[in-house]
Amino acid sequence: MDQPLDRMESSRGCCSFSTLQAWLPILSWLPKYKLKYLKMDLLAGLTVGLTTVPQALAYAEVAGLPVQFGLYSAFMGGFIYTFLGTSKDVTLGPTAIMSLLCFSVVGGQPHRAVLLSLLCGLIQAVMALLRLGFLLDFISYPVIKGFTCAAAVTIGFGQVKNILGIRGVPQQFFLEVYYTFYKIPEARVGDVVLGLLCLALLIMLMLMKSHLASADASTCSGFATKLVWAVATMRNALVVIAASLVAYSWDAYGYHVFTITGHTSQGLPPFSPPPTSDTTSNGTVISFGEIVKGFGGGLAVIPLMGLLESIAIAKAFASQNNYRIDANQELLAIGVTNIMGSFVSAYPVTGSFGRTAVNSQTGVCTPAGGIVTSVIVLLSLAFLMPAFYYIPKASLAAVIVCAVAPMVDYRVVAKIWRIHKLDLLPFGVTFLLSFWEVQYGIMAGVAISGVLLLYSMARPKIKVTDHGVVVMELSSGLSFPAVEYLSHIVHTQALQVFPPRSVVLDCHHMSIIDYTVINELRDLLKQFKLRKVSLTFAGLQSSVLKVLLAADLQGFMFTDSVEEALQMETVILLSE
């Protein structure tokens, strides 16, 4: 008896450790960690860190928050993802899209943005625990592209006012467009010149990097090439630093020609629970319930879009670098990051495509590179905040414009038109409504995609051919939304003609069947029997055949193939 018990205990221990590995992926790669991995992770973490700091400052502007909130949101992801993430390349932090979504829900109110992070994290973590990642499958590609294109235009144009140095422009997109053009005469020359110079430098460095990436490996060796690649990779940090030095120099001589970031809170954020209530400027206390009610549809849109963005990035780089990710574990990593981030004043974050690309290209070996990135952000918060006072807003605007410009994929319209024209409907609705309210655009796009999907289920293509008897081939499965349509076709093609005709249903595409379908087939068989013609089912799959036999349909006939059914009908006709 002892031996079987020992085996059971060993099995339990093994299962429990494998379960622990599944929940903590760090246990899978940490025992195999090598010294050469450390070198590459340090290099990648440093490079990504120098990209993260200026982007985090810029994205806080998009979210309508003080710039330090961008850094507050940028460091927790590196620590959490190291333990829970399944991709070596993904970096979590503030992104342009999540910043825009956050602004659309909380309107640039810091306390509510932090509470939103907690609630989004809880929703994402619960989804992971309940294995609800499949819900993302209901957001179609045209909806995603419509949203990202609209978001890129909204974010990019929103930075024009900072490049021009004009103030008093509303945040609502259509008003923003009007007032930006209306206030062009108020543009500050210093901001315009500096912003355009920063844009030109960023574009030039970006083109140099893409040229090096596409060039032959034999022509891209040498110290000079590596130096150019490093400078191009860290272009955001270098441009912001150079612009800050220019602004500081002019300010030191008493010339205030640039709009600068101004005072920022120095030091690390306090570790404390997010506020569950808010107080307005006139002293009115807003309860937790009222705040959550104010979030509205954002509580559904932001968690889903955060998951969608991050998992899409993780899958893309996993495929590129030949490894696999666990989608539900990724949900958990993002959810825990947002929950813990809310305790350090972070707003909702997700995976960043640009920073993940930098991470991968620099040769990161494990998720530990994120720890280095997070340490750089923490050091910036601890020691560099006074220097951020002189960062020109025009330079941050240039960083954002260059980051979101590739998201405007105008070629996708032609591709959708060639492949499936109806997909332009959810794309167009999502794109246009997102300029009004981002969450409404996404919800409307998902709703229209759902309607199109249901319509295709309710109106499957039925190929009707005449072989002496009517043969109907169903192009897809048969479920309850389609049964009325099938019944209509059968009646018009076979039962309402004179004389009535027999029908062979080619069912080799039918894999499932429900009670509504069974009920309608029972009525059809009665109609065929009354008119003394036959309804034959051909090519039924075994699972469907078992259900039909169990239903005990009167007059039910089936064959293995359409040919066999036609031969049987020929024999019946000859016998008559």
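The values are calculated or read from the model by the stated rules, or taken from the named source; none is laboratory data. Since we're looking at a predicted model, the values are computed, not measured. Note that each Cβ is placed from the backbone with ideal geometry, even for glycine, and that neighbours are counted across all protein chains shown. When the accessible area is computed, the model is the full protein with side chains, heavy atoms only, and any ligands, DNA or RNA have been set aside. Shrake-Rupley method; radii C 1.70, N 1.55, O 1.52, S 1.80 Å.
Determine whether the range 164-183 contains at least one residue that is of a type outside the set (A, V, I, L, M), assigned to a helix (DSSP H, G or I), open to solvent by less than 30 Å² (accessible area, probe 1.4 Å) and free of Cβ contacts under 8 Å to residues at least 60 places away in the same chain. So far as the range 164-183 goes, yes, one or more of its residues are of a type outside the set (A, V, I, L, M), assigned to a helix (DSSP H, G or I), open to solvent by less than 30 Å² (accessible area, probe 1.4 Å) and free of Cβ contacts under 8 Å to residues at least 60 places away in the same chain. Starting from residues that are open to solvent by 40 Å² or more (accessible area, probe 1.4 Å) and touching a helix residue (DSSP H, G or I) at 6+ places or on another chain (Cβ under 7 Å), keep the ones in the range 430-442 and report whichever is nearest to Val153 (Cα to Cα). If we take residues in the range 430-442 being open to solvent by 40 Å² or more (accessible area, probe 1.4 Å) and touching a helix residue (DSSP H, G or I) at 6+ places or on another chain (Cβ under 7 Å), then Phe431 is nearest to Val153 (Cα to Cα). The listed residues are Gly107, Gly146, and the only one of them that is of a type in the set (Gly, Ala, Ser), closer than 15 Å to Ala63 by Cβ and in contact (Cβ under 8 Å) with a residue 12 or more places away in the chain turns out to be Gly107. Sub-6 Å Cβ pairs linking a first residue in the range 230-258 that is within 16 Å of Val399 (Cβ to Cβ) to a second residue that is open to solvent by 50 Å² or more (accessible area, probe 1.4 Å) and not in a helix (DSSP H, G or I), at least 6 apart or interchain, number zero.
From Leu548, Leu540, Leu566, Leu524, which residue is open to solvent by less than 60 Å² (accessible area, probe 1.4 Å), touching a Phe, Trp or Tyr at 6+ places or on another chain (Cβ under 8 Å) and part of a helix (DSSP H, G or I)?
Working: Leu540 fails: part of a helix (DSSP H, G or I); Leu566 fails: touching a Phe, Trp or Tyr at 6+ places or on another chain (Cβ under 8 Å); Leu524 fails: touching a Phe, Trp or Tyr at 6+ places or on another chain (Cβ under 8 Å).
Every option except Leu548 fails the conditions.
Given the conditions (1) at pLDDT 85 or above; (2) surrounded by fewer than 23 Cβ atoms within 10 Å (Cβ to Cβ), report the number of the one that Ala60 does not fulfil. With (1) at pLDDT 85 or above; (2) surrounded by fewer than 23 Cβ atoms within 10 Å (Cβ to Cβ) applied to Ala60, the lone miss is (2). Among the residues examined, Thr233 qualifies as β-branched (Val, Ile, Thr) and open to solvent by less than 30 Å² (accessible area, probe 1.4 Å). Residues of the range 277-321 that are modelled with pLDDT of 85 or more, of a type in the set (S, T, N, Q) and open to solvent by 50 Å² or more (accessible area, probe 1.4 Å): Ser287 alone.
Of all residues in the range 303-327, those that are of a type outside the set (Phe, Trp, Tyr) have Cβ atoms under 7 Å from Cβ atoms of residues that are open to solvent by 30 Å² or more (accessible area, probe 1.4 Å) and part of a loop (DSSP other than H, G, I, E, B), 6 or more apart or on another chain, in Ala314/Ile325; Lys315/Ile325; Ala318/Arg324; Ala318/Ile325; Ile325/Thr86; Asp326/Thr86. Against the criterion of being under 30 Å from Asn321 (Cβ atoms), open to solvent by less than 30 Å² (accessible area, probe 1.4 Å), in contact with a Phe, Trp or Tyr (Cβ under 9 Å, 6 or more places away or on another chain) and assigned to a helix (DSSP H, G or I), Gly146 qualifies.
Helices (runs of 4 or more DSSP H) wholly in the range 268-380 with at least 2 residues that are among the charged types (D, E, K, R) - which ones? Here the list reads 288-295, 298-320. Can you name the residue in the range 112-141 that is open to solvent by less than 10 Å² (accessible area, probe 1.4 Å) and either hydroxyl-bearing (Ser, Thr, Tyr) or more than 18 Å from Gly298 (Cα to Cα) (or both) and is also modelled with the lowest pLDDT among such residues? Within the range 112-141, the match that is modelled with the lowest pLDDT is Ala128. Looking across the range 475-525, the residues that are among the polar types (S, T, N, Q) and farther than 23 Å from Gly450 by Cβ come down to Ser487, Thr492, Gln493, Gln496, Ser502, Asn519.
Is it the case that some residue within the range 214-228 is touching a residue at least 40 places away in the same chain (Cβ under 8 Å) and surrounded by fewer than 18 Cβ atoms within 10 Å (Cβ to Cβ)? Spell out the reasoning first.
Going through the range 214-228, the residues touching a residue at least 40 places away in the same chain (Cβ under 8 Å) turn out to be none.
No, the range 214-228 contains no residue that is touching a residue at least 40 places away in the same chain (Cβ under 8 Å) and surrounded by fewer than 18 Cβ atoms within 10 Å (Cβ to Cβ).
Output the residues belonging to the range 465-478 that are open to solvent by 20 Å² or more (accessible area, probe 1.4 Å) and out of contact with any helix residue (DSSP H, G or I) (no Cβ under 6 Å at 6 or more places or on another chain).
If we filter the range 465-478 for residues that are open to solvent by 20 Å² or more (accessible area, probe 1.4 Å), which is where we start, we get 465-468, 473, 475-477.
Passing the criteria: Thr465, Asp466, Gly468, Glu473, Ser475, Ser476, Gly477.
Yes or no: Leu495 open to solvent by less than 40 Å² (accessible area, probe 1.4 Å), touching an Asp or Glu at 6+ places or on another chain (Cβ under 8 Å) and not hydroxyl-bearing (Ser, Thr, Tyr)?
Numbers: open to solvent by less than 40 Å² (accessible area, probe 1.4 Å): yes; touching an Asp or Glu at 6+ places or on another chain (Cβ under 8 Å): no; not hydroxyl-bearing (Ser, Thr, Tyr): yes.
Against the criterion (open to solvent by less than 40 Å² (accessible area, probe 1.4 Å), touching an Asp or Glu at 6+ places or on another chain (Cβ under 8 Å) and not hydroxyl-bearing (Ser, Thr, Tyr)), Leu495 does not qualify.
The single condition from (1) crowded, with 19+ Cβ neighbours inside 10 Å; (2) modelled with pLDDT of 85 or more that Val404 fails is (2).
Here Leu453 fulfils each of the conditions (1) assigned to a helix (DSSP H, G or I); (2) without any contact (Cβ under 8 Å) to a residue 40 or more places away in the chain; (3) surrounded by 13 or more Cβ atoms within 10 Å (Cβ to Cβ) apart from (3).
Are any of the residues in the range 509-516 of a type in the set (A, V, I, L, M, F, W, C), within 14 Å of Val490 (Cα to Cα), in contact (Cβ under 8 Å) with a residue 24 or more places away in the chain and not in a helix (DSSP H, G or I)?
Within the range 509-516, the first condition is being of a type in the set (A, V, I, L, M, F, W, C), and the residues that meet it are 510, 512-513.
Next cut, within 14 Å of Val490 (Cα to Cα) only: none.
No, every residue in the range 509-516 fails to be of a type in the set (A, V, I, L, M, F, W, C), within 14 Å of Val490 (Cα to Cα), in contact (Cβ under 8 Å) with a residue 24 or more places away in the chain and not in a helix (DSSP H, G or I).
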